[in-house]
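This report concerns only the one structure given below.
No value in this document is a laboratory result; all are computed from the given coordinates. Quick caveat: nothing in here was measured; it's all calculated off a predicted structure. Positions of Cβ are generated from backbone atoms using ideal geometry, with glycine treated the same way; all protein chains shown enter the neighbour counts.
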Ligand SMILES: Cc1ncc(COP(=O)(O)O)c(C=O)c1O
């Protein structure tokens, strides 16, 4: 009988040499980004003051199916990749399910998450262009840490605007970002015009990814030689993250497996977009039909309760307009512990795929998420990040459905990171003080009422 490994690692030779650009296989493309002043589609050149040139090019490239990963980036990847594909034998046993559960574990690097896959690419292209500094935002802190690591590798000064509630919940994130020479600011801050305006309106705000993005973009466009980089939402980030899905697919092929269900948590959509990329390709080209499920927090339900509309990517209304599922850029989610999922919008690529029926979405409450996280930790000996635990929750729920029907489905989910900086969250779950906050319809309607008005479109 064939012996099934617990963990499967590809060899260096088997690692992808190219990223996969999902847009090349989409029957209908996401709507173009619009300039908020003219409402005309944004050109690649218009993005140059914000993004470095290669990344602006990748952002607009809807036709090149495979894009070479520069050798320097491949070499960096080899320091912490391939990441393992793991069969959750113990979890399956604990659930008593006939389902086969696999997860792709992206938490085995210092940043503790998949974010390093795009951070190193973005720092590489910035250095190649001769830029002298970068700015970014971070929610939970994983992206800020990943980018600080990448910038320190290329000697690029970095300013990170970290969402205030995460900054306060996770003081050690600051220390680790500073270890890699990053400069970190709690957002909203009084260091930018947007930050000051937000604070004037609500001095006690806990911040949001949308606020932090506004501040980082402002800093980039007002500083010589500086550009802004983003850890999610953008097409270029999904492109870099396709390495997760490409590695997973090769590993599953080696096991003669193919997932019936692919599950990922969804903040801005980068890990999910990366994990599903080659499986969605099969779906778009009619080769296979896996179910694909996005999992989001009930406190910030952009896909399940949002509007498919043009909106700003930030709270300060300075970015181009993207057509996506959004809760409205003025929506400030409650201080949920999954900081990386507290974003009002969703990747335009995933939004379009969801809108066109290629994907499903579910929302889950954080207490249910932590029940799943603690069960998983005990069975699989990995302490998952709160964000990743949303995917665990949905994977467990699907496996329990299999238990009822007796179907031995194959489930693949993305375990995006570890939760060692989230012990306040674990403590509040364990001592029973964790609560669930779900926005009311009235709150959502208020934010939808502030969506930008675009002549002839919305
Ligand atoms: C561990 C982890 N998982 C998931 C996410 C969600 O981001 P995305 O939807 O871009 O994958 C984050 C964001 O910070 C994160 O830190």
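With respect to the chain, whose longest principal axis is taken over its alpha-carbon atoms, helix 386-405 is tilted by about 30°.
Put simply, when 83-94, 21-32, 269-280 are sorted by average Cβ atoms within 10 angstrom per residue, most first, you get 269-280, 83-94, 21-32. Mean residue ellipticity, 222 nm, helices only, the chain: the sum of -39500 (n - 2.57) across DSSP H runs of n ≥ 4, divided by residue count and rounded to 500, is -12000 deg cm²/dmol.
Relative protection proxy for 300-306, 35-41, 216-222, from highest mean packing down: 300-306, 216-222, 35-41 (other beta-carbon atoms within 10 angstrom).
Rounded to the nearest 10 degrees, the inclination of helix 235-254 to the longest alpha-carbon principal axis of the chain is 10 degrees. With the Kirkwood sum run over all distinct C-alpha pairs, the stretch 345-458 has a hydrodynamic radius of 16.9 Å.
To the nearest whole percent, what portion of all C-alpha pairs in the chain is separated by more than 31 angstrom? So the portion of pairs separated by more than 31 Å is 35 percent.
Against the compact-protein benchmark of 2.2 N^0.38 Å, the Cα-based radius of gyration of the stretch 1-46 scales to 2.20. Taking 0.36 nm per residue of sequence separation and removing the Cα-Cα distance, the residue 397/residue 193 pair yields an extension gain of 68.9 nm.
Packing, as the average of other Cβ atoms within 10 Å across residues, places the peptides 237-246, 103-112 in the order 237-246, 103-112, highest first.
The C-alpha atoms of the chain define a longest principal axis, and helix 116-128 lies at about 40 degrees to it.
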